[in-house]
Amino acid sequence: MGWSVHHPVGLIHCAPSRCYRGYTLICTGGGQHAFLIDMQGRICHQWRSAAGIEYGRLLPNGNLLLRTNPPRDVEVGNIGGASAALQELDWDSTLVWEFRHPMLHHDFQRLPNGNTLAVFFAPLPAELTRQVRGGFTSANDPEQMIGDLVQEVTPDGRVISAWHSWQHLSVEEDVICPLEGRREWTHQNTLSLMPNGDFLVSFRQTSVIGIVDKASGRFTWKWGPDQIAHQQHPTYLPDSSRILLFDNGAHRRGVNYSRVMEVDPATNAIAWEYRGAPPISFSSDNISSAERLPNGNTLICEGAPGRIFEVTPDSHIVWEYMNPYAVHRPSRLAQQTEAGVRQGAASRTGATEWAHAVFRAHRYGPDHPALQGRDLNPEHYANINRLYAALR
């Protein structure tokens with residue numbers, strides 16, 4: 001969806017009686033800040049990291065767990081979703097924990113035992129690389145493709161467990177989209193957890209989501225090809241035992257459009273979906289998220305343009321916000337290599353753009369443990385809030 005330069009930013013719409021009231025956490029990819037905004041679109045708190053904040057989520061103690069900007073001078077640093085480190089900042093942006101690793105990417109989860117699960121790039125064996133099907137070939141195809149690895153890391157940085165995704169995939173079934181390159185096999189963009197600790201994963205390259213048995217590492221459910229296209233952010237809904245996800249729709253046959261949907265793993269039936277009207281009015285070919293709120297509404301992050309909105313079960317938009325905080329970065333057109341891989345590092349052409357993209361957004365109710373006793377007075381940010389808060 002193309003956005004006019006005259007399109008308003010900040011808070012666009014709010015129907016207070018129909019919203020799940022709380023604070024929304026956002027950050028602009030490639031920037032150094034994360035913001036908590038209230039229902040009026042006002043900044044109520046912010047964090048800053050000189051290493052950058054690509055994506056963060058609140059911990060129950062009020063700290064922000066985040067991944068930083070991509071590493072420099074590392075081959076995988078120019079793959080979308082790459083980060084140089086995980087950081088934990090306290091409420092005042094003081095660094096209280098850091099885990100640096102040049103192969104980190106996309107997603108992470110803090111476990112009840114204090115350890116952290118995270119996704120890493122890892123080279124595939126050369127023999128397996130030759131067996132992987134799909135994708136388009138180029139002169140720069142590597143001898144060893146990159147796969148995805150999930151590791152559990154202790155607070156002191158020790159790796160105590162690992163799940164090598166490629167050991168549980170099928171070269172016959174897990175086929176790369178023909179419009180994607182062969183630098184990566186799967187490109188895992190999500191690591192969610194089921195109530196029993198099993199992994200819920202999303203592979204963008206092959207348009208697959210699945211549930212992984214933590215004990216054996218095997219898939220107990222896989223679904224997606226010919227149903228979804230380069231999706232993001234599957235999460236488990238305990239009330240219905242369904243999976244909520246953002247179906248980006250990139251490379252979809254016919255008109256590209258995005259949708260948010262629920263699928264039932266027991267039957268593979270699509271139980272609910274939200275689309276734009278017309279469908280092309282809602283479209284983000286990468287990043288993005290969907291989060292079910294306690295009142296039954298869904299918070300949607302249309303990531304590429306930085307649009308965040310809340311919809312009711314019957315698809316009425318009751319809150320809408322356009323991220324006004326832009327970051328100067330290499331343009332998306334200049335971020336295409338010969339292999340078709342989107343880069344996050346400096347582009348070869350030097351072309352740049354102002355971007356408002358948001359990887360994901362999360363809403364926290366006022367009773368959330370992280371917010372108890374916290375100063376959330378928007379007057380601390382009065383000058384900037386005058387620009388983007390309240391309806392115009």
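The values are calculated or read from the model by the stated rules, or taken from the named source; none is laboratory data. Computed from a prediction, not measured in an experiment: that's the story for all the values here. When we count neighbours, we look across all protein chains shown, and the Cβ atoms used for this are built from the backbone with ideal geometry, even at glycine. Side chains included, ligands, DNA and RNA excluded: accessible areas come from the protein's heavy atoms. Shrake-Rupley method; radii C 1.70, N 1.55, O 1.52, S 1.80 Å.
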For Tyr364 and Leu179, extending 7 Å from Cα along the Cα-Cβ vector and measuring point to point gives, in nm, a value of 3.8 nm
Over region 249-297, with neighbouring protein chains present, the accessible area per residue in Å² at probe 1.4 Å is 44 Å²
Carbon and sulfur atoms account, in whole percent of the 1.4 Å probe accessible area of the chain, for 51 percent
Counting only protein heavy atoms and rolling a 1.4 Å probe, one gets per residue an accessible area for region 74-184 in Å² of 44 Å²
For Ala351 and Asn295, extending 7 Å from Cα along the Cα-Cβ vector and measuring point to point gives, in nm, a value of 4.3 nm
With all protein chains in place and a 1.4 Å probe, Thr137 shows an accessible area in Å² (nearest 10) of 110 Å²
Ranked by GNM mean-square fluctuation in the chain (Cα springs under 10 Å), the top entry among Ala82, Ala326, Ala139 is Ala139
Taking alpha-carbon centroids only, region 136-177 lies from region 200-237 a number of Å equal to 14 Å
Matching label for the computed Rg and Dmax of the Cα atoms in Å, out of [x] 19.9, 74; [y] 20.0, 60; [z] 25.2, 84, is [y]
Label model pair Thr94, Ser161: point-to-point distance (7 angstrom along the Cα→beta-carbon line) in nm is 3.3 nm
Under 16 Å by backbone N from the virtual spin label 7 Å along Cα-to-Cβ at Leu237, the residues of region 269-283 are 269-275
SASA check, Leu387, accessible area w/ 1.4 Å probe, all protein chains in place, rounded to nearest 10 Å², comes out at 110 Å²
Rounded to the nearest whole number, the Stokes-Einstein translational diffusion coefficient of region 230-307 at 37 °C and 0.692 mPa s (Kirkwood radius, C-alpha pairs) in µm²/s is 259 µm²/s
